[in-house]
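**Student:** Got a structure for you, questions after.
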Amino acid sequence: GYMDVISLSDKGIKSVVAPLGTAVTYDQLMLAWKVCKSPTIMFDGDIAGQKASIKSALLALKYLKPNFTLKFLEIDKNHDPDSFVNSLNKNEFINFLKKPKDLSNFIFDNAKKSFYHETPDQKIVFDKYFDDITDLIEDKKVKYFYKRDFKDKLYSFFRTDRKKENIL
């Protein structure tokens, strides 16, 4: 909320807004994209903040256009942006700001934590999730590349999982 914006401003980060809600709305997303083609989202680290981040990511996915996206900064579950910002000095915080996750990695990493993916049936459900969310994307070119990107990530993840099993 307001304290998060004040703390960021105190650290010299002036281009920041608070959504004042549990997630970014369609109108807020459209306004953000008018100002910046790749805004960065940072919510509280708790479960509510994580859910708000994912909800914002899926909303953005639907409306993506070439050159427009979102990035995400994830903070520890015991922090909100205000306490997190105040726990770091300016240089530490600037270095943190330089390492956001892009939209596709953010969505994929969160899905890995949310789905079981041991059995073939679980893998099918996991894979179908990416089909379902990419089907939401309105722009055909964006849809094509996100679908391919998620498939590449998925198959790479499954191969890595199999290699770990063979080591045991």
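The values are calculated or read from the model by the stated rules, or taken from the named source; none is laboratory data. None of these values were measured; they are calculated from a predicted model. Please note: Cβ atoms are built from the backbone with ideal geometry, for glycine as well, and neighbour counts cover all protein chains shown. These accessible areas exclude ligands, DNA and RNA; they are computed on the full protein's heavy atoms, side chains included. Shrake-Rupley method; radii C 1.70, N 1.55, O 1.52, S 1.80 Å.
**Student:** Restricting attention to region 95-104, which residues are in contact (Cβ under 8 Å) with a residue 24 or more places away in the chain and part of a helix (DSSP H, G or I)?
**Tutor:** Leu97, Leu103, Ser104
**Student:** Take region 60-85 and flag every residue that is at pLDDT 90 or above and either of a type in the set (Lys, Arg) or open to solvent by 40 Å² or more (accessible area, probe 1.4 Å) (or both).
**Tutor:** Residues satisfying the conditions are Lys62, Tyr63, Lys65, Pro66, Asn67, Phe68, Lys71, Glu74.
**Student:** Sticking with this structure for a sec: Among the numbered criteria (1) of a type in the set (S, T, N, Q); (2) over 18 Å from the mean Cα position of the chain (by Cα); (3) at pLDDT 90 or above, which single criterion is violated by Ser15?
**Tutor:** Here Ser15 clears every test but (3).
**Student:** To continue, here is another question. All but one of (1) open to solvent by 30 Å² or more (accessible area, probe 1.4 Å); (2) over 15 Å from Ala57 (Cβ atoms); (3) in contact with a Gly (Cβ under 9 Å, 6 or more places away or on another chain); (4) without any contact (Cβ under 8 Å) to a residue 40 or more places away in the chain hold for Asn91, so report the exception by its number.
**Tutor:** Failing condition for Asn91: (3).
**Student:** In region 101-110, is there at least one residue being crowded, with 18+ Cβ neighbours inside 10 Å, touching an Asp or Glu at 6+ places or on another chain (Cβ under 9 Å) and of a type in the set (D, E, K, R)?
**Tutor:** Yes: one or more hits.
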